[in-house]
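To start, the structure under review is shown below, and the notes come after it.
The values are calculated or read from the model by the stated rules, or taken from the named source; none is laboratory data. Quick caveat, the model's predicted, so the values are computed rather than measured. Please note: Cβ atoms are built from the backbone with ideal geometry, for glycine as well, and neighbour counts cover all protein chains shown. Side chains included, ligands, DNA and RNA excluded: accessible areas come from the protein's heavy atoms. Shrake-Rupley method; radii C 1.70, N 1.55, O 1.52, S 1.80 Å.
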Amino acid sequence: MLILAKISKVLEVNNCNNDILFQALYKAEFWEAINPAKKMDAEFTAPNVLYTKIYDEIDLIKIPIEMEGELLLSDKGEEEGKGRLIEFNVRNNKDIRELEGRIRIKSLSPIKSKLGVFVESFTLSSEFLNLLGGGADLILQMKISEMLRNIEKICKIKDLQDFL
């Protein structure tokens, strides 16, 4: 079943240099720190392939979830006036058949960045979809929002340079 998510989440983050944020995206420790799930183990199995094991419980319906797979990050470079573009997609995940989108990081100043996450398509396996029902899109939106808020919190209390 295809869920056309078309999710857009954008946040301006203080104490956040866009170049350092871009580099942090390629560090497993950064993903573990911003992770909105109860627990996540992460490692880069290739320079642009993040392998994760996620343990969570969906608050709305109290269903425990274990999920593992890979997030492929493809740096498309800097676009004039728009910032750096990173395309992403999920692969080798039995629960998520397809998740594609992009991350955009734009410098607003040397210490302030605009970060956007845009999901283009989201397809769950039918088994996983039966667990979540029609709330899958809402759950994904909430998790992306939490992840962005976690980046904002980290930038308030920690130097992103610590992840490099």
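Please go through the stretch 39-49 and give me each residue that is within 15 Å of the chain's Cα centre (by Cα) and free of Cβ contacts under 8 Å to residues at least 24 places away in the same chain, ordered by number.
Filtering the stretch 39-49 down to residues within 15 Å of the chain's Cα centre (by Cα) leaves 39-44, 48-49.
Of everything in the stretch 39-49, those that are within 15 Å of the chain's Cα centre (by Cα) and free of Cβ contacts under 8 Å to residues at least 24 places away in the same chain turn out to be 39, 40, 41, 42, 43, 44.
Scan the stretch 11-38 for residues that are touching a residue at least 24 places away in the same chain (Cβ under 8 Å) and farther than 18 Å from residue 105 by Cβ and jot them down.
Those that are touching a residue at least 24 places away in the same chain (Cβ under 8 Å) and farther than 18 Å from residue 105 by Cβ: 29, 35, 36, 37.
Of the residues 32, 87, which is in contact with a Lys or Arg (Cβ under 6 Å, 6 or more places away or on another chain), at pLDDT 95 or above and surrounded by 13 or more Cβ atoms within 10 Å (Cβ to Cβ)? Reasoning before the result, please.
Values: 32 fails: in contact with a Lys or Arg (Cβ under 6 Å, 6 or more places away or on another chain).
Residue meeting the stated conditions: 87.
At positive phi, at pLDDT below 95 and in contact with a strand residue (DSSP E or B) (Cβ under 9 Å, 6 or more places away or on another chain): does that describe residue 6? Steps first, answer last, please.
Numbers: at positive phi: yes; at pLDDT below 95: yes; in contact with a strand residue (DSSP E or B) (Cβ under 9 Å, 6 or more places away or on another chain): yes.
Yes; evaluated as a whole, the condition is true for this residue.
With the checklist (1) open to solvent by less than 80 Å² (accessible area, probe 1.4 Å); (2) within 20 Å of residue 140 (Cβ to Cβ) in hand, flag the one item residue 94 doesn't pass.
Tallying (1) open to solvent by less than 80 Å² (accessible area, probe 1.4 Å); (2) within 20 Å of residue 140 (Cβ to Cβ), residue 94 fails exactly one: (1).
Within the group 33, 37, which residue is under 20 Å from residue 145 (Cβ atoms), in a helix (DSSP H, G or I) and small (Gly, Ala, Ser)?
Numbers: 37 fails: in a helix (DSSP H, G or I).
Criteria check complete, one pass: 33.
Just the residues that are in a helix (DSSP H, G or I), modelled with pLDDT of 80 or more and of a type in the set (Ser, Thr, Tyr), please, taken from the stretch 109-164.
Across the stretch 109-164, the qualifying residue is only 145.
Answer yes if at least one residue in the stretch 82-92 is small (Gly, Ala, Ser) and part of a strand (DSSP E or B), and no otherwise.
Step one: filter the stretch 82-92 for residues small (Gly, Ala, Ser), giving 83.
Checking which are part of a strand (DSSP E or B) leaves us with 83.
Yes, that holds for at least one residue.
Considering each residue of the stretch 83-102, count those that are among the β-branched types (Val, Ile, Thr) and out of contact with any helix residue (DSSP H, G or I) (no Cβ under 9 Å at 6 or more places or on another chain), and give that number.
Within the stretch 83-102, the subset among the β-branched types (Val, Ile, Thr) is 86, 90, 96.
Cutting the leftovers down to out of contact with any helix residue (DSSP H, G or I) (no Cβ under 9 Å at 6 or more places or on another chain) gives us 90.
Within the stretch 83-102, residues that are among the β-branched types (Val, Ile, Thr) and out of contact with any helix residue (DSSP H, G or I) (no Cβ under 9 Å at 6 or more places or on another chain) number 1.
Which members of the stretch 42-70 meet the condition of being touching a Lys or Arg at 6+ places or on another chain (Cβ under 7 Å) and either open to solvent by 60 Å² or more (accessible area, probe 1.4 Å) or modelled with pLDDT under 90 (or both)?
Filtering the stretch 42-70 down to residues touching a Lys or Arg at 6+ places or on another chain (Cβ under 7 Å) leaves 55-57, 68-70.
Residues satisfying the conditions are 55, 56, 57, 68.
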